[in-house]
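Worksheet: one structure, shown below.
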Amino acid sequence: MSRVLVLLAATALSLLGHGQSDTALAPLTPTDTSRYAALHRLVRPPAPPPRFTGPLPGPRLRFEARGGYDSNALLNELVMGLWRGEYLDRDLRQRTRDALTGRNRAGYEASAELDLSFGRGLFGDSTLRAVIGLSSRTVMGMRFTDAVYDLTFFGNKDYVGTTAVLAPSAQEQQRYQTLGFGVQLAGRATYARLDLVSGQYLSSVHLDKADLYTAPDGTSLTADLDGTWLSSDTGSTTGFVNGMGAALDLGLELRGTFFGRPLTTRLRVDDLGLVRWNDRALGLTKQEVVVYDGLTIDDVLDFEGSFFEEGQLRDSLALNAEEAAFTRWLPARLQAAFWYTLHRGKVKPRPGPADLTIDHLVVPGYIPRITLTRSLNLSRRWSVNGSLAYGGFGGLRLGAGAWLQLKRGALWADVPNLVGLVSPSAKGKALGIGFTYGF
């Protein structure tokens, strides 16, 4: 029946194409295989969405840990010195100053995730499985002007009689843990999970305008401010649960062909949610001009006077933050990954990193990152890969990784920034490890 429909469609197409010609049409016979195959591809109906029809896999455990920082401006020497609490000499501070771009970005991530998929026939559907997962994440991102760096590491000596432009600048840091439950399509990275979120720490500064003028004689400072500062409870005794919230993790896997070669696409969003920070959190909004010209002390022996009056001192320094609960978005991550088979080698391809990945992390200073990866299968168990990436908190990055396929799972490790791992004068360091295991 399908062949008859194809022949009818071919005849109709031929008539339309030759309606203005007197040339006789050549008959299409079933033995004309090349023309028949081409027309069949043209008129065949779309295939129904593929379903998992193989044997249902058993429970599968997945672990992943990543850590690292990156910047398009700050040298590794400076960052490591700050982390270790070392003295930063002027030469190092000046070399970092010379590397500033005017649109400076920096940030870091540290995360550990563990999830387990299991079960058969969830909700009466033989292809659905249950998935549970837990994670711990710390994320910080910032963008800042050159003047912010100058004032932090050199003071305002170079700005006497001039204005230091400190905005637009922003910084946000969040630390939180999640515990989630959801469903996954067997054999696919298609899933939906709802997470309960425990907010541990938050610090956020957003400056839309911040101009600092230093008087020529150095006796006064004038700040024209428009910005906000938020912080979780700084006086918490445990420091573990300062807010509660919820988030969604969603994934979708699509399989098809592109120019006749297999193409797999995976779309995912992580930590799409909110945290309600408790009523001991702090917030400060400033949209005014603040002048600081010192404190006047009438009597140093008058302990009840202005010298020890905390309210006046905090007001002079614009530090009067208010305690109040507020809701804040989590730093969600969006990702699209693509696996594409360019050619067929002698070694059967193994699962590995995507050939093309585009991701974005919703924090200040992070720009969409594009990563190109090529994998080389050394054997049926071992593969290595090299990557070239641009974006994120940094710039152009060269990376490498390795993948070991086991009987019941796989081990992997990757270094997204090879140069930064070994060079103090480079920018950024990062490392990722993980495994999967099937029971």
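Bear in mind that the values in this text are calculations on the coordinates, not laboratory data. Quick caveat, the model's predicted, so the values are computed rather than measured. Using ideal geometry, Cβ is built from the backbone for each residue, glycine included, and neighbour counts are taken over all protein chains shown.
Observations on the model:
- Contact order, relative form, for the range 60-438: 16 percent (alpha carbon pairs under 8 Å, 6 or more residues apart, mean separation divided by residue count).
- Shown here: the range 359-439, whose C-alpha atoms stretch 41, 27, 20 Å along the first, second and third principal axes, sorted largest to smallest.
- The range 56-122 versus the range 382-397: alpha-carbon centroid distance in Å: 14
- Rough spin-label spacing in nm, given labels placed 7 Å along Cα→Cβ, for E253 and D89: 5.4
- Rg and Dmax [Cα atoms of the range 60-438; Å; Rg one decimal, Dmax integer]: 25.0, 89
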